[in-house]
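A short worksheet on the structure shown next.
Only the coordinates and a few stated rules stand behind these numbers; no lab work does. Everything numeric here is computed off the predicted structure, so don't read it as measured data. Every residue, glycine as well, gets a Cβ built from its backbone with ideal geometry; the counts of neighbours run over all protein chains shown.
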Amino acid sequence: MGLWSSFLTSLGIIKRKVNILLVGLDNAGKSTIINGLKVSAVPQTEVVPTVGFNVETFSTQHRLTFTVFDMSGQGKYRDLWEYYYPDVEAIVFVIDASDKIRACVARDELETMLQNKVLRDRKIPILFFANKMDVEGGMSPSECSGALGLEEIKDRNWTICATNGITGQGVGVGLDWLAEELKY
Ligand code: G3D
Ligand code: MG
């Protein structure tokens, strides 16, 4: 269990089915993070990659379902992931903290997402992962927050956690926060 044990605790807190949308630019570390969760949640785990759209679905014990989308920065498949907005209860947004150059692209994608009418009406929480914390010279979580303008998000709960997708460090802390947000 190790680093992922708090994720399993999170699963214990959430008693019902929850759909989570996991987004971020390509190469941010989304698939790596999901793969780490798969290892820790062995029972009844299924991974269904949808060929062509780079969509991954991952269910844990039939309670948490993660749907993963690459934000290309060109909005190519935006219509597709917007289709999921009415049914998701939380968004996990993975930021590549080592990629300062594309932070502005991530910011644009985030802004576009938050302007979506469905999401504007639904105050679901957003968990940000400042991923690749191990990369030297990368942005700190507060620098990520500044680069993406997170402080401007006033209409819903959000938090940012430093993560290392490869070791799983920090992921459980973030999911614990999410579990608290989602429990009722
Ligand atoms: P994506 O699914 O968001 O597109 P991936 O991103 O999960 O495919 O990850 C992209 C690359 O980043 C992968 O490297 C992966 O190993 C690496 N990565 C993910 N998380 C971290 C992290 O926390 N630290 C570091 N140093 N690398 C990370 P490759 O080489 O396979 O392309
Ligand atoms: Mg991927």
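Distances between placed amide hydrogens fall under 5 Å for residue 64 paired with 18, all partners being 5 or more residues away or on another chain. Going through segment 98-147, which trypsin sites (Lys or Arg not before Pro) have at most 12 other Cβ atoms within 10 Å and a DSSP loop state? Within segment 98-147, the qualifying trypsin sites (Lys or Arg not before Pro) (loop, at most 12 other Cβ atoms within 10 Å) are 123. Once the Cβ-Cβ distance of residue 166 and residue 104 is raised to the sixth power relative to R0 = 25 Å, the FRET efficiency obtained is 0.45. Close amide H partners of residue 169, meaning residues 5 or more places away or on another chain with modelled amide H under 5 Å apart, are 164.
Here the Karplus curve 6.51 cos²θ - 1.76 cosθ + 1.60, taken at θ = phi - 60°, turns the phi angles of segment 107-112 into couplings of 4, 4, 5, 4, 4, 4 Hz, with x standing for Gly and Pro.
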